[in-house]
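Notes follow the structure.
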Amino acid sequence: MYITQAYKGLHDWWQYILGIVIAITGVFVFSAPHIIAIIIETTNGNIDISKMDDTKYLMSLFEPNLNLVFVLLPFAGGLLALFLAVKYLHKLSIKHLTTSRKKIDWKRFWFIFFLWGIVSSSFVIVDYYLSPENYQLNFKLIPFLILCVIAIILVPLQTSFEEYLFRGYLMQGIGVIAKNRWLPLVITSLVFGLLHIANPEVDKLGPVIMIYYIGTGLMLGIMTLMDDGMELALGFHAANNLFTALLVTADWTAFQTHSILKDMSDPSEMALSEIFVPVFVVFPILLFILSKVYNWTNWKDKLFGKVEAPISDDYKIIEDIEHNN
């Protein structure tokens, strides 16, 4: 089982707290270029300090491609720090954090990456043809090509950090501490959603958009527990953010990019299609399709069952190490 992979390493509660601190430290360290750039611009009088609490204003301080680098780079730092914590603090391999299979199944990753990339892009394309007045052509070849390079490199690092932190590190950590599966599923979904509360979309759509963020976290958590690995969650999240960054942007979204299209519609009119339809219609259908493709069974036990330490020679060795320490 996926959560029990944590028993193959050191798994005391304080180690998970320290691991989170290490990951957050990595985020702050890799935020330094952005902070330094803001300080320089402020010194040169190019920044209005009174507007620094305005997310939209912060997103407009630099050229979109440069700004995207500044936004995504901290996630790369967080991912690196988290991997170091897993390896040296927990004595656990990245494979064990990723999956319960003998090796990471990249076929699963690429299957859902292209599936969701095609589906999510289709929604945008269909809406564009149905309501062309809501979009503005934003395509500029050179900035777009630069965006492609930045996005292909950094967006998967951003999404992987979020997945490894929530569906990986915290899912396993809370699971071995609470000895069940439902609590880590609920907690990681709620925290994942609430951490998006500072996104500019919340200002435009209101608190109702938290249903989408929490619902997305819940779906990714269900994927991970049912499939005994993170490959599907990693692929979905990477596709969702990457295709969106390349295809469409808006003045009120977290990613301000040189995308192909710019959404000019009133976001307050999008609540039904952008929030409730994905969470209550599209995501359940996607889970149903995946359950058939990968033969998921025993839903009750995998989502609500107990987490018990495996009895094996490897586990006994880890327990002896913890006892001696």
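The values are calculated or read from the model by the stated rules, or taken from the named source; none is laboratory data. In this text, all values refer to a predicted model and were calculated from it rather than measured experimentally. Every residue, glycine among them, receives a Cβ derived from its backbone with ideal geometry; neighbour counts consider all protein chains shown. These area figures cover heavy atoms from the full protein model, side chains too; ligands, DNA and RNA do not enter into them. Shrake-Rupley method; radii C 1.70, N 1.55, O 1.52, S 1.80 Å.
In summary, Phe304 fulfils each of the numbered conditions (1) open to solvent by less than 70 Å² (accessible area, probe 1.4 Å); (2) at pLDDT 95 or above; (3) in contact with a helix residue (DSSP H, G or I) (Cβ under 7 Å, 6 or more places away or on another chain) with the single exception of condition (1).
If you check Gly77 against the conditions, is it open to solvent by less than 50 Å² (accessible area, probe 1.4 Å), touching a residue at least 60 places away in the same chain (Cβ under 8 Å) and in contact with a Phe, Trp or Tyr (Cβ under 9 Å, 6 or more places away or on another chain)? No: the conditions fail for Gly77. Do you know which residues across the range 85-113 are surrounded by 13 or more Cβ atoms within 10 Å (Cβ to Cβ), in contact (Cβ under 8 Å) with a residue 60 or more places away in the chain and assigned to a helix (DSSP H, G or I)? Answer for the range 85-113, where residues must be surrounded by 13 or more Cβ atoms within 10 Å (Cβ to Cβ), in contact (Cβ under 8 Å) with a residue 60 or more places away in the chain and assigned to a helix (DSSP H, G or I): Ala85, Val86, Leu89, His96, Leu97, Thr98, Arg108, Phe109, Trp110, Phe111, Ile112, Phe113. Being closer than 22 Å to Gly168 by Cβ, touching a residue at least 24 places away in the same chain (Cβ under 8 Å) and touching a strand residue (DSSP E or B) at 6+ places or on another chain (Cβ under 9 Å) is the requirement here; does Tyr2 meet it? Here the answer is yes, as Tyr2 does meet what is asked. Within the range 250-264, at least one residue is free of Cβ contacts under 8 Å to residues at least 60 places away in the same chain and not small (Gly, Ala, Ser). Tallying residues that are assigned to a helix (DSSP H, G or I) and open to solvent by less than 40 Å² (accessible area, probe 1.4 Å) within the range 168-189 yields 14. Hey, any hits in the range 160-167 for a residue that's open to solvent by 20 Å² or more (accessible area, probe 1.4 Å) and among the basic types (Lys, Arg)? Within the range 160-167, not a single residue is open to solvent by 20 Å² or more (accessible area, probe 1.4 Å) and among the basic types (Lys, Arg). Residues of the range 191-237 that are open to solvent by 20 Å² or more (accessible area, probe 1.4 Å), in contact with an Asp or Glu (Cβ under 9 Å, 6 or more places away or on another chain) and among the hydrophobic types (A, V, I, L, M, F, W, C): Leu195, Leu205.
Go through the range 124-142 and give me each residue that's surrounded by fewer than 16 Cβ atoms within 10 Å (Cβ to Cβ), under 27 Å from the mean Cα position of the chain (by Cα) and in a helix (DSSP H, G or I). Hits for the range 124-142 are Ile125, Val126.
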